[in-house]
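Accompanying notes for the structure given below.
Since every read-out is calculated from the coordinates, none of them should be taken as a lab result. Keep in mind the model is a prediction, meaning the values are calculated, not measured. Cβ: placed from backbone, ideal geometry, glycine included. Neighbour counts: every protein chain shown.
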Amino acid sequence: MKLEIENVGAEAGSRFSLGAVMVTRQAFERLATDDIERALRLHVQGDWGLVCPEDRQSNEEALAEGLRLFSVYEDQSNTRFWIITEADRSLTTVLLPDDY
């Protein structure tokens, strides 16, 4: 499902473009829009959330080299979800780990 979120990525502090934002059906049904928006704002600012140190470093390298970006967050009820921005920055997907 395509999610229309205004101004995410256009704010000061954004490090890259999100492109179109898609949310898997399962994530859309289980996550609050506010939690998704909060996480997208963190993601686009380079706050990679709950990723391990190695993935944090990989994301920093991916920013410089134009590769895929990966973040992990939890919503208010501790449901873990991922955000992936494709290398060409045309698409960002919000998904649950089971969706992968």
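Structure notes:
- Between the helical axis of 33-44 and the longest alpha-carbon principal axis of the chain there is an angle of about 10 degrees.
- Environment charge at Ser71 (Cβ cut-off 10 Å; Lys +1, Arg +1, Asp -1, Glu -1): -1
- Phi to ³J(HN,Hα) by Karplus 6.51 cos²θ - 1.76 cosθ + 1.60 over region 49-55, Hz, x for Gly, Pro: x, 8, 6, 6, x, 5, 5
- Stretching Val51 away from Asp98 to a fully extended chain increases their span by 15.2 nm, per 0.36 nm per residue minus the current alpha-carbon distance.
- Alpha-carbon Rg/Rh ratio, for the chain, with Rh computed the Kirkwood way: 0.93
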